[in-house]
Amino acid sequence: MKRIAVAVLLSLCVCVAARGQAPASANPKVRAITGFVRLEQGTWEKQVAATLVVLRKVKSEFEAEGYQVESLRITTQPLGELVKGMPEEQALAFLERLDQLSGKESFDLNVGPAIMHDGDDPAMLHLLQQALSTLPNIEASTIIADESGIHWKTIHQTAEMVKYVAEHSPRAQGTFNFTATAMLKPLGPFYPGSYHTGAGKQFAIGFEGAGVVAEVFTKDKGDADAATADLTAALTKHAKVADAIGNKVATETGWSYVGVDPTPAPLGDVSIAAAIEDFTGAKFGSSGTLTAARIITAAVKAVAVKQTGYSGLMVPVMEDKLMAQRWAEGTFNVDSLLAYSAVCGTGLDTIPLPGDVSVEQLERMYSDVASLAVKWNKPLSARLQPIPGKKAGDRTEYDDPFLFNTTLHALP
């Protein structure tokens, strides 16, 4: 399975000779090199192959500069446009072929939003719930708020779909490949919320930069001004490398480089929770966490390169090993994450929920994220993961190298 193969690669020590740079271990990993393409039904395999040529060129440029690349990603046009004119059985078979190709060629696949507006065809959500329940690699989203306001009908439909996928996918893991987004612009590199609506032939870059934050916060513990300035400089250093590579490859290939998302994504032991604890001297969720979160986002937004995507702070509960531990300990909760999102965060990400969570409860959580995003005109998302058969106090049992098991809590 693709993710297991990637996890093996993540565990290897990669030493690449850089052109005048520090060893690879001194640099953050490049989390995502994401290509945006509009697939045509008669030529999609050739288009995927051509896209991978470009993405692999970007990858080789990063490796030459001493960076390890974790994933290559391809985001298609929105689902309804991708399968336009196909009956559901044919559309699902097509998605299965795409899913299999992504595993074979080792790229992550995103088919964009199934629903972008309240008036969109609900049949696309039915198709997506079947895909998420049966296909291991495919990722997607819905849009629950944009400049036109909150999409209340989509929120209800999304809650119903997530409940279904949790109950019908192996180990309820299909929900990991889905998120609902609010006020998120197209052309972001991070999944599952990535999407585009244009002609394609574009690419973006995202780093796994939580370790950069940890290094700065350890040095500047408790000093907000110094931490903001030093973190801005540290993130800018790597973003400028991405900018140079992106512009170089764009010139050589004719593709458009749309920017870098400087959000310092965590994964496993590369922990944003640990970085914040380095600054506050207290457990993640304690007083001071909100301040540290604000510092991170202020630094991210001050990075003077072409930016795309969230440009904020990711706090994915089950992708960050220490954060999963703190969730089990109860040092923070959903309300805490919403509070952090008000100043900096990217919403509710990989939130484990008891299996008996109702559609109405899911709706309220999505509604809170959408309301907050619209109020402050900032991109947020919600990746909620109910686990059938599990209740408050139980331990999750995910079998995925990118998810760290934790304890479930009751919802108010």
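The values are calculated or read from the model by the stated rules, or taken from the named source; none is laboratory data. Small disclaimer: the values here were computed from a predicted structure and weren't measured. So basically every Cβ, Gly included, is an ideal-geometry build from the backbone, and we count neighbours across all protein chains shown.
The condition of being under 25 Å from A370 (Cβ atoms) and at pLDDT below 95 holds for only one of G119, G80, that being G119.
Restricting attention to the range 67-97, which residues are farther than 22 Å from P122 by Cβ and of a type outside the set (S, T, N, Q)? Once the filter is applied, which keeps residues that are farther than 22 Å from P122 by Cβ and of a type outside the set (S, T, N, Q), the range 67-97 yields Y67, V69, E70, L72, R73, I74, R97. Total residues in the range 251-275 satisfying the condition of being in contact with a strand residue (DSSP E or B) (Cβ under 9 Å, 6 or more places away or on another chain), part of a helix (DSSP H, G or I) and more than 30 Å from K201 (Cβ to Cβ): the figure is 3. Residues that are assigned to a loop (DSSP other than H, G, I, E, B) and in contact with a Ser or Thr (Cβ under 6 Å, 6 or more places away or on another chain) were ranked within the range 148-194; the one that is nearest to T134 (Cα to Cα) is S169.
Looking at the range 30-145, what helices (runs of 4 or more DSSP H) fall wholly within it and have at least 2 residues that are on the phi < 0 side of the Ramachandran plot and among the hydroxyl-bearing types (S, T, Y)? Steps first, please.
Values: elements: 44-64, 79-82, 88-105, 123-134.
The qualifying helices (runs of 4 or more DSSP H) are 44-64, 123-134.
In the set (1) at pLDDT 95 or above; (2) over 16 Å from the mean Cα position of the chain (by Cα); (3) not in a helix (DSSP H, G or I), the condition left unmet by A293 is number (3).
Say we look at the range 175-207 and pick out the residues that are aliphatic (A, V, I, L, M) and crowded, with 24+ Cβ neighbours inside 10 Å; which of these is farthest from V53 (Cα to Cα)?
Of the residues in the range 175-207, the ones aliphatic (A, V, I, L, M) are 180, 182-184, 187, 199, 204-205.
Checking the rest, the ones that are also crowded, with 24+ Cβ neighbours inside 10 Å come to 180, 182, 184, 204-205.
Numbers: A180: 30, A182: 32, L184: 28, A204: 15, I205: 16 Å.
Per the criteria, the residue is A182.
In the range 275-292, the residue that is farthest from A239 (Cα to Cα) out of those that are buried (at least 22 other Cβ atoms within 10 Å of the Cβ) and of a type outside the set (S, T, Y) is G285.
Among the residues of the range 293-316, those identified as within 16 Å of F217 (Cβ to Cβ), surrounded by 24 or more Cβ atoms within 10 Å (Cβ to Cβ) and touching a residue at least 60 places away in the same chain (Cβ under 8 Å) are I295, I296, A299, V300, M314. The set of residues from the range 327-336 being at negative phi, surrounded by fewer than 24 Cβ atoms within 10 Å (Cβ to Cβ) and not hydroxyl-bearing (S, T, Y) comprises A328, E329, F332, N333, V334, D335.
Given the options E329, E360, E319, name the one that is modelled with pLDDT of 95 or more, of a type in the set (D, E) and closer than 24 Å to V216 by Cα. Let's see the steps before the verdict.
Details: E329 fails: closer than 24 Å to V216 by Cα; E360 fails: closer than 24 Å to V216 by Cα.
Step by step, each of E329, E360, E319 is checked, and only E319 is modelled with pLDDT of 95 or more, of a type in the set (D, E) and closer than 24 Å to V216 by Cα.
Filtering L337, L322 for residues that are in a helix (DSSP H, G or I), in contact (Cβ under 8 Å) with a residue 24 or more places away in the chain, out of contact with any Lys or Arg (no Cβ under 6 Å at 6 or more places or on another chain) and of a type in the set (A, V, I, L, M, F, W, C) leaves a single hit, L322. Of all the criteria given as (1) touching a strand residue (DSSP E or B) at 6+ places or on another chain (Cβ under 7 Å); (2) of a type outside the set (A, V, I, L, M); (3) in a loop (DSSP other than H, G, I, E, B), the one not satisfied by D243 is (3).
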